[in-house]
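These notes concern the structure reproduced below.
The values are calculated or read from the model by the stated rules, or taken from the named source; none is laboratory data. From a predicted model like this one, the values you see are computed outputs, not experimental measurements. Cβ sites come from the backbone with ideal geometry, for glycine too, and all protein chains shown count toward neighbours.
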Amino acid sequence: MSRLAAISDIHGNATALEAVLKEIARERPDAVLVAGDLVLNGPEPGLVVDVLRSLPAATTLIVAGNTDIAAADFDYSAAYPWMTDGVPDAIVAAAEWAHDALGEERLDWLRCLPSERRWRADDDTLVLTCHASPGSQTAGFDQELDPNVTIERLARTDARVIVCGHTHVPEIRDLGWKLIVNDGSAGYIFDGDPTASWALIDLDDGEVRAEIRRTEFDALSVANAISARGLAGDVYRAATVRTGKLVR
């Protein structure tokens, strides 16, 4: 049997990340899959990178998300292709702040992250880690997505299990031939529960079992740290962390 833990969308919230990793360690997974959006919005992007880099490289599979592109290189068209009328000043301010807070060495590490990683379990089940969907850091598996589009996006990989994030809403969707494990967000959740979400996946002789886990962290202290920073949009980011609902 193989056991995997999946996290994503940390968004600079080192407090939530460290709380989740403590709970993950108790489960003794064979690997930890990290599905991107690591640094933007929260108050401690540098610490998030340092914590992730301290994990064992052989069993920690990390990919970049769309907001990591924004923070690393200010390529807003790549990071937010749906914003055809321009990226709001609040996003630009947050990206520039995170960029400066990271420093060049961490930025180089962020830039070198792949967009996808693959893990083959002991029973030969293939697991894909991506940010939004196979082949895309921006086209996700939203719950209201047309089923035909969902199938088309799933067909871009031979993996039986797709681990992703991007929507900030945790969900396990079993389509028979494929299993989508959207672990939600370990730091910037949108489903109304101000905790960190992650996923635990067990693979055993062709069978796959997955469940969403929730971890409490000091959301108020993180929200206060965001508010104290004083960037454009921080009042909304702080409210999002505090309430677990997207506020904008």
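Taking segment 198-241 only, how many residues are crowded, with 18+ Cβ neighbours inside 10 Å and either in a helix (DSSP H, G or I) or in contact with a Cys (Cβ under 6 Å, 6 or more places away or on another chain) (or both)? Counting residues in segment 198-241 that are crowded, with 18+ Cβ neighbours inside 10 Å and either in a helix (DSSP H, G or I) or in contact with a Cys (Cβ under 6 Å, 6 or more places away or on another chain) (or both) gives 10. Does residue 1 satisfy the criteria of being at pLDDT below 95, among the hydrophobic types (A, V, I, L, M, F, W, C) and surrounded by fewer than 22 Cβ atoms within 10 Å (Cβ to Cβ)? When the stated conditions are applied, residue 1 passes them.
Restricting the first member to segment 194-219 and to residues that are at pLDDT below 95, and the second to residues that are polar (S, T, N, Q) and part of a loop (DSSP other than H, G, I, E, B), the beta-carbon pairs closer than 8 Å and six or more apart or on different chains are 206/125. Of the helices (runs of 4 or more DSSP H) lying entirely inside segment 23-137, those containing at least 3 residues that are of a type in the set (A, V, I, L, M) are 45-53, 66-73, 89-111. For beta carbons closer than 6 Å, sequence separation of 6+ or different chains, a first residue in segment 228-243 that is over 15 Å from residue 95 (Cα atoms) and a second that is part of a helix (DSSP H, G or I), the qualifying pairs are 238/223; 238/226; 238/227; 241/219; 241/222; 241/223; 242/219; 242/223.
Does segment 148-171 include one or more residues that are modelled with pLDDT of 95 or more, closer than 27 Å to residue 48 by Cβ and among the acidic types (Asp, Glu)? Looking through segment 148-171, at least one residue is modelled with pLDDT of 95 or more, closer than 27 Å to residue 48 by Cβ and among the acidic types (Asp, Glu).
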